[in-house]
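To start, the structure under review is shown below, and the notes come after it.
Derivation of every value follows stated rules applied to the coordinates shown; laboratory data play no part. As the structure is a prediction and not an experimental result, all values here were calculated from the model. Please note: Cβ atoms are built from the backbone with ideal geometry, for glycine as well, and neighbour counts cover all protein chains shown.
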Amino acid sequence: MTDSLLQSSPISTTRTQGSLRLHKDAGRSRYCVEAFAGRSEAARYTRALLRRLAGVPMSAMVINGETGTGKGLVARILHHSGPRADRPLVEVNCAALPRELLESELFGHEAGAFTGANRRHVGYLEQADGGTLFLDEIGEMDLDLQAKLLTAIEDQILRRVGGEKLVSVDVQVLATSNRGLEQQVRDGTFRSDLFHRLSVFTLYLPALRDRLEDLEDLVPLLMAEVNEATGRDVERVSDRVYDILAAYDWPGNIRELRNVVERGVLLADGPELTDEWLQLGRETSSEGAVAGPRIDGSRVVIPVDGSMTLDEMDSYIIQTALDRKGYNVTAAARDLGTTRETLRYRIDKYGLKAEPDAGGPEVQ
């Protein structure tokens, strides 16, 4: 994820530099602007914006769009097609790391900064120096970390956790959110000053349902990827498949389409992708009954065929726990293995019903 600083012989250093150049050249080739495929007006407009933005030395940008619309792809295109392409691209999923770990990973830490910190750790901001820091789902970052990040971006300096020395950093920050940072600013869960610093430009990616004509470009590309990865040789798509795909709403966008194509390729009996294994928006049991997310005793059964986004799964599980505990937030949090405060936050995030019906038990 970053260039290595090697103390070695000239031959070893030369080989390493050559390997890095090959890696960067491969990145440029794979993540060119044309990698955002499609013939629709929305796709052409997005490519035109990407060409324009890639040529500008922009310090920060927000990439908005629903889950699965290709925000990660666009971030890689902007880096590999831009003036910082020869420097590192460091990617961070802010939703995947707890607050304490995210701080350490972003800003680094000194040896002895906390229990288990046996040596100095260079954080993602330093690793991305001169290049691009891609902060996926930045809306999940705690407010105090947002303040620290703003200082690092504004002043181009940071202090590692447990450290005293100030470290200079120069990074381009690309931030994504599928929740809408503007609304989070209004709700008080995202700092307005950080939002305005990041949104030098805001790029909105179209949902797949708004560019259905792109299916005839996207499906063959995804088929080729699956063929290459699995050794399959599925080359054709029936007209009926395209008719079914075009009639679907695609709540999971291109990520869901990728899952559908992968399943169809892997289970195809011949060289043609047929409609037999599409199963759009549903799971089919062995008896042929349609089944989506459901309760099975004390278990929650969630389909992982791309028909539900991660947020939808999370929301369904939380609502189920609330229902089972009579909307007692403390009891539901205990069952889910989390804190009452965290559960309250997610109830508000998803706009879930958290109050009992009239005459029901009090929410605690």
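Multiplying the residue separation of Leu97 and Trp277 by 0.36 nm and removing their Cα-Cα distance gives an extension gain of 61.3 nm.
Using the Cβ-Cβ distance between Val300 and Arg120 with R0 = 45 Å, the FRET efficiency computed as 1/(1 + (r/R0)^6) comes to roughly 0.60. Net charge of the neighbourhood of Val171, taken over other residues with C-beta under 10 Å away and scored Lys/Arg +1, Asp/Glu -1, is -1. Going by neighbour counts of Cβ atoms within 10 Å, the residues Cys94, Cys32 line up, fewest first, as Cys32, Cys94.
Between Gln156 and Ala247, the simple spin-label model (points 7 angstrom out along Cα→Cβ) gives 5.7 nm.
Derived scalar couplings between HN and Hα for the stretch 239-244 equal 4, 4, 4, 4, 5, 5 Hz in order, rounded to whole Hz, by the Karplus curve 6.51 cos²θ - 1.76 cosθ + 1.60 (θ = phi - 60°), x for Gly and Pro. Charged neighbours of Leu49, selected by a Cβ distance under 15 Å, balance to +4 (K, R count +1; D, E count -1). If you sort the three axes of the alpha carbon gyration tensor as a ≥ b ≥ c, you get a/c of 1.5 or more for the stretch 10-204 and a/b no higher than b/c, which makes it oblate. Sorting 176-188, 229-241 by their mean Cβ neighbour count within 10 Å, with the most densely packed peptide first, gives 176-188, 229-241. Summarising the label geometry, the points placed 7 Å from Cα in the beta-carbon direction at Arg52 and Ala229 lie 3.3 nm from one another.
Annotation: extensible slack from Asp314 through His196 equals 39.5 nm (criterion: 0.36 nm per residue apart, minus Cα-Cα distance).
Applied to the stretch 36-52, the Karplus parametrisation 6.51 cos²θ - 1.76 cosθ + 1.60 on θ = phi - 60° returns per-residue 3J(HN,Hα) values of 7, 7, x, 9, 5, 4, 5, 5, 5, 5, 5, 4, 4, 5, 4, 4, 5 Hz, with x for Gly and Pro. Residues whose amide H comes within less than 5 Å of that of Tyr204, counting only those at least five positions distant or on another chain, are Asn64 (H built at 1.01 Å from N in the peptide plane). For Ser177, nonlocal amide neighbours, meaning residues 5 or more places apart or on other chains whose placed amide H falls under 5 Å from its own, are Ile63, Gly65, Glu137.
The phi-based Karplus calculation (6.51 cos²θ - 1.76 cosθ + 1.60; θ = phi - 60°) puts the 3J(HN,Hα) values of the stretch 92-104 at 10, 8, 5, 7, 8, 10, x, 4, 5, 5, 4, 4, 5 Hz, whole numbers, x for Gly and Pro. Tell me whether the stretch 81-144 comes out rounded, prolate or oblate; compute the Cα gyration tensor, take square roots of the eigenvalues as a ≥ b ≥ c, and use a/c under 1.5 as the rounded threshold. Cα axes put the stretch 81-144 in the oblate bin. The charge dipole of the stretch 209-280, taken about its Cα centre with unit charges on the Cβ of Lys, Arg, Asp and Glu (plus for the first two, minus for the last two), comes to roughly 240 debye.
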